[in-house]
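For reference, the structure is listed below as structure tokens.
Laboratory data are not the source of any read-out in this text; all were calculated from the coordinates shown. Values in this document were obtained by computation on a predicted structure and should not be read as measured data. We place every Cβ from the backbone using ideal geometry, glycine too, and count neighbours over all the protein chains shown.
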Amino acid sequence: MINPAFLSGALAISGPGPSLLAVDGGGAVQVFMVNTAVFGAMVDISGLTIQNGFSAGQGGAVFNSNTSGTTTFTDVAMRNNSAGGFGGAIFNSSGTLVLKGVTVEGNSAIFGGGIINVGTMSLTNVTLSDNAARGGGAIYNIAAMTLINATLSGNSASMAGFGGGILNGGTLRLKNTIVANSLSGSDCAPVAGALLSDGYNLDSDGSCALGAASDLPNTNPLLGPLADNGGPTMTHALMDGSPAIDAGSPDCPPPATDQRGVARPQDGNGDGASACDIGAYEVTVQSVTVPIDIKPGSFPNSVNPRSRGVVPVAILTTPDFDATMVDSVTVGFGPSRAAPVHVAIEYADGDDLPDMVLHFRTEQTGIQCGDTSAALAGKTFDGTAFEGSDSINTAGCK
Ligand SMILES: [Ca+2]
Ligand SMILES: [Ca+2]
Ligand SMILES: [Ca+2]
Ligand SMILES: [Ca+2]
């Protein structure tokens with residue numbers, strides 16, 4: 001490529017996928033320049049990699065000046081781009097720039113190693129990793145920017161306190177976002193303007209001034225390395241026990257998927273309740289389905305939701321699942337995930353395999369009049385998540 005692609009009107013470029021098509025600047029040219037003042041111009045670019053772009057000025061991969069329109073990148077990787085000025089990958093000069101399912105990796109500039117924004121930007125399910133600058137290793141925001149379910153990790157700023165992850169001089173809103181593991185320069189540098197938490201964010205060094213009760217400041221997110229974890233772009237997985245698992249906002253979805261396309265929300269911590277994870281990656285847990293018998297040995301399983309008594313539930317051992325290995329403190333039953341008040345190993349179904357019978361206070365189960373089934377979920381001592389459900393017939397409801 002010897003000249004940048006010069007995009008000056010409404011346009012859509014749809015590639016076959018970032019692993020199949022790379023637009024390469026050869027370390028010599030800026031790759032995409034969007035320069036239009038057409039009212040409402042929509043520029044949509046998807047399914048490709050933009051790499052090795054270079055600008056002696058701003059925006060090694062992308063220079064966006066879409067004055068009154070919207071430029072959107074979807075399922076795109078931007079890596080190893082650099083700028084002699086600002087914005088190693090992206091310089092958003094004006095207009096609205098939207099990133100969805102984008103990984104910005106290994107870019108560098110003087111300021112804004114990954115991105116500099118002086119317009120309006122919104123990032124959802126985006127990963128920024130291993131970008132470097134003097135300040136704002138991943139992001140330098142001067143205007144208006146929103147991050148939702150983004151993961152920033154391993155970025156660096158060579159100037160102390162200038163934001164290895166984020167240098168903010170504008171209005172920057174964070175939600176369900178991880179800013180962590182900055183190699184130098186701190187995770188955030190709220191030098192001016194407003195760095196605003198909309199809750200459910202995590203930083204690893206406490207520098208992002210996260211003030212919402214749902215935020216997790218100064219917390220290690222237990223991220224895996226940037227890797228192909230499925231989906232079109234590389235991501236940082238959440239390792240076992242990550243505090244980001246199921247710690248996202250209750251109004252998620254949206255987004256309906258993670259960066260890979262995996263459906264949100266999932267019950268990543270195996271407590272029986274699904275919730276979105278913080279960051280761009282949603283942990284999936286393969287839950288084993290096991291047979292349970294509500295009121296063992298009797299049918300129909302009549303439950304009076306107003307009862308002050310207990311309801312027994314058997315988890316049945318099968319050739320594939322040993323119910324005696326269930327860690328009963330992890331078990332929850334019914335919509336409210338009641339904890340058991342009594343646990344015993346018994347032979348509940350007439351075979352010679354021992355089963356686990358747990359008793360739950362009916363009023364704690366959350367079972368409502370008219371419910372026709374109730375579910376139980378938990379984990380075994382070796383960490384296998386399981387769930388089971390049985391029919392019920394509510395009584396005493398008139
Ligand atoms: Ca989850
Ligand atoms: Ca959960
Ligand atoms: Ca029964
Ligand atoms: Ca049995």
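Of note:
- For a label point 7 Å along the Cα-to-beta-carbon line of T284, residues of the stretch 372-398 with backbone N under 16 Å: 385
- Taking 21 Å as the straight-line reach from the Cα of K100, the lysines in range (excluding those fewer than 8 positions away in the same chain) are K175.
- Ordered by the count of other Cβ atoms within 10 Å of each Cβ, fewest first, E346, E387 give E346, E387.
- 3J(HN,Hα) along the stretch 149-157, derived from phi through the Karplus expression 6.51 cos²θ - 1.76 cosθ + 1.60 where θ = phi - 60°, amounts to 6, 9, 10, 10, 8, x, 8, 8, 10 Hz, with x in place of Gly and Pro.
- Relative contact order %, the stretch 30-81, counting alpha carbon pairs below 8 Å whose residues are six or more apart: 51
- Close amide H partners of T127, meaning residues 5 or more places away or on another chain with modelled amide H under 5 Å apart, are V102, T103, V104, T151.
- The P(r) of the stretch 5-223 has a tail past 24 Å containing 33 percent of all C-alpha pairs.
- FRET efficiency estimate (nearest 0.05) - Cβ-Cβ, T318 to A212, R0 51 angstrom: 0.70
- Shown here: the chain, whose C-alpha atoms stretch 77, 42, 40 Å along the first, second and third principal axes, sorted largest to smallest.
- Relative frequency of Cα-Cα separations exceeding 18 Å in the stretch 287-336, percent: 38
- Counting DSSP beta bridges with both ends in the chain, the antiparallel % (nearest 5): 25
- Note on V38 and A10: the model spin-label points, each 7 Å out from Cα along the C-beta direction, lie 0.7 nm apart.
- Between the C-alpha center of the stretch 119-187 and that of the stretch 350-398 there is a gap of 45 Å.
- Panel values: the stretch 5-114, Kirkwood radius from alpha carbon pairs, Stokes-Einstein at 37 °C and 0.692 mPa s, translational diffusion coefficient 250 µm²/s.
- In this structure the amide hydrogen of T72, modeled in the peptide plane, comes within under 5 Å of the amide hydrogens of V43, D44, I45, V98, none closer than 5 places in sequence on its chain.
- Across the stretch 260-273, coupling constants 3J(HN,Hα) worked out from phi with the 6.51/-1.76/1.60 Karplus curve, θ = phi - 60°, read 7, x, 6, 4, 10, x, 10, 7, x, 9, x, 8, x, 10 Hz, and Gly and Pro carry x.
- Computed from the Kirkwood radius of its Cα pairs, the Stokes-Einstein diffusion coefficient for the stretch 288-394 at 10 °C and 1.306 mPa s stands at 117 µm²/s.
- Prolate/oblate/rounded label for the stretch 156-216 (Cα gyration tensor, a/c 1.5): oblate
- Computed extension gain for L20 through N220, at 0.36 nm per residue and net of the alpha carbon distance, reaches 68.6 nm.
- Estimated distance in nm for a label pair at N393 and E346, the labels positioned 7 Å out from Cα along Cα-to-Cβ: 2.1
- Value of relative contact order over the stretch 5-223, rounded to a whole percent, pairs C-alpha under 8 Å and six or more apart: 11
- The phi-based Karplus calculation (6.51 cos²θ - 1.76 cosθ + 1.60; θ = phi - 60°) puts the 3J(HN,Hα) values of the stretch 15-30 at x, x, x, x, 7, 10, 9, 10, 9, 10, x, x, x, 10, 9, 5 Hz, whole numbers, x for Gly and Pro.
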